[in-house]
Amino acid sequence: MRKWTSALFAFVALIVVAATAGASGKGTPDEAKALVDRAITAIKTEGKDKAFAAFNSPTGGYVDRDLYVFVYDLEGTVISHGGNNALIGKSLINLKDADGKLFVQEFVSVAKGKGEGWVDYKWVNPTTKKVEDKTSFIKRHGDMLVGVGVYKG
């Protein structure tokens, strides 16, 4: 009986460790899309000011591991940024990633064109502090775009 109890305990411990490791890891594309949708719902129900304050705060419920909400107007100016508040109010329309890609222009193009989609680029991961491959889900909401990215590295 002790062998079964020990084996059961070891199995449960393994599951807990695996679940904890997944919870502390990287966000997934599905989680990014869900966070974008939740952010847009917050803008609709709580208003821009209250929603943006929550997006910008690490404890506002919109920063999860390496996932965070960012909002730009359709001219490429940052309205809200859960990963780096210093960017708020800055026009990043001509910002290039490490490979020279004008990814904010692509954000705007996706928002104005299809209304939603994925954009690949390189960006500093706030958890590792390293430039990594990233893909962001962009969705237009009125006169702005809301995005959340997933680090691939």
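The values are calculated or read from the model by the stated rules, or taken from the named source; none is laboratory data. Owing to the predicted nature of the structure, the values given are computational and were not obtained by experimental measurement. As a convention, Cβ positions derive from the backbone with ideal geometry for all residues, glycine included, and neighbour counts pool all protein chains shown.
Annotations
- Some residue of segment 30-52 being of a type outside the set (D, E, K, R), within 19 Å of Tyr151 (Cα to Cα) and outside any helix (DSSP H, G or I): no
- Where strands (runs of 3 or more DSSP E) fall entirely within segment 105-153, those with at least 3 residues that are among the β-branched types (Val, Ile, Thr) are at 131-141, 144-151.
- Hey, Ala86 at pLDDT 95 or above, surrounded by 14 or more Cβ atoms within 10 Å (Cβ to Cβ) and small (Gly, Ala, Ser) or not: no
- Restricted to segment 65-77, and to residues there that are touching a strand residue (DSSP E or B) at 6+ places or on another chain (Cβ under 6 Å) and aliphatic (A, V, I, L, M), the residue that is surrounded by the fewest Cβ atoms within 10 Å (Cβ to Cβ) is Leu67.
- Subset tally (residues that are out of contact with any helix residue (DSSP H, G or I) (no Cβ under 9 Å at 6 or more places or on another chain) and charged (D, E, K, R)) for segment 74-98: 1
- Unique residue being in contact (Cβ under 8 Å) with a residue 24 or more places away in the chain and either within 16 Å of Gly27 (Cα to Cα) or of a type outside the set (Asp, Glu) (or both) when the list is Val69, Val63: Val69
- Answer residue from segment 91-144, given it is among the aliphatic types (A, V, I, L, M) and in contact with a Gly (Cβ under 7 Å, 6 or more places away or on another chain) and is surrounded by the fewest Cβ atoms within 10 Å (Cβ to Cβ) among those: Ile93
- Qualifying positions in segment 55-70 - part of a helix (DSSP H, G or I) and either of a type in the set (Phe, Trp, Tyr) or over 14 Å from the mean Cα position of the chain (by Cα) (or both): Phe55
- The conditions of being under 15 Å from the mean Cα position of the chain (by Cα), within 17 Å of Ile138 (Cα to Cα) and among the acidic types (Asp, Glu) are not met by Asp73.
- Annotation: of all residues in segment 91-135 being of a type in the set (Val, Ile, Thr) and closer than 23 Å to Thr28 by Cβ, the one that is modelled with the lowest pLDDT is Thr127.
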